[in-house]
1. For segment 44-69, enumerate the residues that are without any contact (Cβ under 8 Å) to a residue 24 or more places away in the chain and part of a helix (DSSP H, G or I).
2. List the pairs whose first member sits in segment 20-43 and is touching a residue at least 12 places away in the same chain (Cβ under 8 Å) and over 16 Å from LYS8 (Cβ atoms), whose second member is of a type in the set (Val, Ile, Thr) and assigned to a helix (DSSP H, G or I), and whose Cβ atoms are under 6 Å apart, counting only residues at least 6 apart or on separate chains?
3. Among the residues of segment 20-64, write down those that are crowded, with 17+ Cβ neighbours inside 10 Å and in contact with a strand residue (DSSP E or B) (Cβ under 6 Å, 6 or more places away or on another chain).
4. At pLDDT below 90, more than 18 Å from PRO63 (Cα to Cα) and touching a helix residue (DSSP H, G or I) at 6+ places or on another chain (Cβ under 7 Å), is that true of LEU9?
5. Go through ARG23, ARG13 for me and flag whichever is among the charged types (D, E, K, R) and part of a helix (DSSP H, G or I).
Amino acid sequence: MNAMMRRKLYRARRGGWIAGVARGMADWSGLPVALVRLLWVLALLPGGVPGVLLYLICWMLIPRQPAGL
């Protein structure tokens, strides 16, 4: 099993702006956090509701990063 398969998706405890969703996704995917945040902003453009709803769902479903990780 390679390292990517063992990685878990968590909301980041440090470096997050709102709930750590974008930072956690960036850490998990290996993408720059600025790019992930830009993608979230773009999701807000078509009226805001789809992006906000998706962000809130991620906020509720993605667990918080355990202390010490």
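The values are calculated or read from the model by the stated rules, or taken from the named source; none is laboratory data. If you're wondering where the values come from, they're calculated on a predicted model, not measured in any experiment. Here the Cβ positions follow ideal geometry from the backbone for every residue, glycine too, while neighbour counts run over all protein chains shown.
1. LEU44, VAL49, PRO50, GLY51, VAL52, LEU53, LEU54, LEU56, ILE57, MET60, LEU61
2. Matching pairs, first to second residue: ALA22/VAL36.
3. GLY20, VAL21, GLY24, ILE62
4. When the stated conditions are applied, LEU9 does not pass them.
5. On inspection, the qualifying residue turns out to be ARG23.
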